[in-house]
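Read the structure below first, then the notes.
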Amino acid sequence: MKKIILLFALVAFVACKDDKKTEKKDPKGETTVVKEVEKEVAPKYPAIQKFDQEPTLIHGELHSFDESISVEEVEVVPAAAKDTYNFVFYFSDDTDFEKLENYYIALMLYPEDVSTIEKESDRKRGLTAKSIKCKLVQDGKSVAVVIPDFKLLGKKMKSGKAYLYKPGGGILNPGRPKLIVNKFSL
């Protein structure tokens, strides 16, 4: 019986000793403050590139491509080369990022002045477009996809549309509306 009590006392002593490692006394020494140990969360994706200028918000409403992939914001920032821009799509925290990485993102822009579109075929359609494979990057706690170096000669856009697709597999939820970016200037 004495061995059980001694063992219990030893376990209680060790347990109390471990708790004291995270306790600190306040400067006056009157009360004990327990500090929670914060866990460092390593970013899951590479850090977003540094931009020379501050991005401009062009779309700030939540848009769901499907039940598991949603965009919260779209921003644009001038790129290093003349007349090129980076478009940054920030996804919501509840997005299925593993699923998103399997898609491409396409952005179609409709300039106010169609004559500023470089390709004749695009000028006839009245739009210019670019798409890339979704490579996720991290901006602080937010996960984003950047469409880099989109060449645009016109500075005023009537609108823009974005959607996700798989080559050969078609658009994700073709019946759902695309993400619409209303009139904006670069």
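The values are calculated or read from the model by the stated rules, or taken from the named source; none is laboratory data. This structure is a prediction, so every number in the text was calculated from the model and none was measured. Neighbour counts run over all protein chains shown; Cβ positions are idealised from the backbone, glycine included.
State whether the residues of segment 160-167 include one that is farther than 16 Å from VAL71 by Cα, of a type outside the set (Asp, Glu) and not in a loop (DSSP other than H, G, I, E, B). If you could, list the steps in order and put the result at the bottom.
At the first step, the residues of segment 160-167 found to be farther than 16 Å from VAL71 by Cα are 166-167.
After this cut, where a residue has to be of a type outside the set (Asp, Glu) as well, the list is 166-167.
Next, from what is left, pick out any that are not in a loop (DSSP other than H, G, I, E, B): 166.
Among the residues of segment 160-167, at least one is farther than 16 Å from VAL71 by Cα, of a type outside the set (Asp, Glu) and not in a loop (DSSP other than H, G, I, E, B), which makes the answer yes.
Residue-by-condition table, conditions (1) in contact with a strand residue (DSSP E or B) (Cβ under 7 Å, 6 or more places away or on another chain); (2) over 25 Å from LEU57 (Cβ atoms); (3) in contact (Cβ under 8 Å) with a residue 60 or more places away in the chain:
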{"residue": "ALA129", "(1), (2), (3)": "yes, no, no"}
{"residue": "PRO148", "(1), (2), (3)": "yes, no, yes"}
{"residue": "ILE171", "(1), (2), (3)": "yes, yes, no"}
{"residue": "LYS178", "(1), (2), (3)": "yes, no, no"}
Identify the single condition in (1) in contact with a Ser or Thr (Cβ under 7 Å, 6 or more places away or on another chain); (2) within 26 Å of GLU54 (Cβ to Cβ); (3) among the aromatic types (Phe, Trp, Tyr) that TYR104 does not satisfy, given that it satisfies every other one.
-> (2)
Residue in segment 141-148 that is surrounded by fewer than 19 Cβ atoms within 10 Å (Cβ to Cβ) and at pLDDT 95 or above present | yes
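If I ask for residues that are of a type in the set (A, V, I, L, M) and assigned to a loop (DSSP other than H, G, I, E, B), which ones from segment 45-83 would you list?
Of the residues in segment 45-83, the ones of a type in the set (A, V, I, L, M) are 47-48, 57-58, 62, 69, 71, 74, 76-77, 79-81.
Passing the criteria: ILE48, LEU62, ALA79, ALA80, ALA81.
Here's the yes/no breakdown for (1) outside the structural domain of LYS166 (by TED's automatic domain parsing); (2) charged (D, E, K, R); (3) under 21 Å from VAL145 (Cβ atoms):
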{"residue": "GLU61", "(1), (2), (3)": "no, yes, yes"}
{"residue": "LEU107", "(1), (2), (3)": "no, no, yes"}
{"residue": "GLU112", "(1), (2), (3)": "no, yes, no"}
{"residue": "SER121", "(1), (2), (3)": "no, no, no"}
{"residue": "LYS124", "(1), (2), (3)": "no, yes, no"}
Lone qualifier among LYS82, LYS50 - being surrounded by fewer than 18 Cβ atoms within 10 Å (Cβ to Cβ), over 18 Å from THR128 (Cα atoms) and without any contact (Cβ under 8 Å) to a residue 60 or more places away in the chain = LYS50
Given (1) more than 19 Å from ASN182 (Cα to Cα); (2) surrounded by fewer than 19 Cβ atoms within 10 Å (Cβ to Cβ); (3) out of contact with any helix residue (DSSP H, G or I) (no Cβ under 6 Å at 6 or more places or on another chain), where does GLY60 come up short, assuming only one miss?
-> (1)
Only residues that are assigned to a strand (DSSP E or B) and out of contact with any Pro (no Cβ under 8 Å at 6 or more places or on another chain): list them for segment 137-159, please.
-> ASP139, SER142, VAL143, ALA144, VAL145, VAL146, ILE147, PRO148, ASP149, PHE150, LYS151, SER159
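If I ask for residues that are in a helix (DSSP H, G or I) and of a type outside the set (D, E, K, R), which ones from segment 88-103 would you list? Can you show your working first?
Initially, segment 88-103 is screened for residues in a helix (DSSP H, G or I), giving 97-100.
PHE97, LEU100, listed by residue number.
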When you look at GLU98, is it surrounded by fewer than 16 Cβ atoms within 10 Å (Cβ to Cβ), within 18 Å of PRO177 (Cα to Cα) and in the same structural domain as SER142 (by TED's automatic domain parsing), yes or no?
-> no
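Per-residue answers, yes or no, for (1) in contact with a Phe, Trp or Tyr (Cβ under 6 Å, 6 or more places away or on another chain); (2) modelled with pLDDT of 95 or more; (3) assigned to a loop (DSSP other than H, G, I, E, B):
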position: PRO43; (1), (2), (3): no, no, yes
position: ILE105; (1), (2), (3): no, yes, no
position: SER115; (1), (2), (3): no, no, no
position: GLU118; (1), (2), (3): no, no, yes
position: ARG123; (1), (2), (3): no, no, no
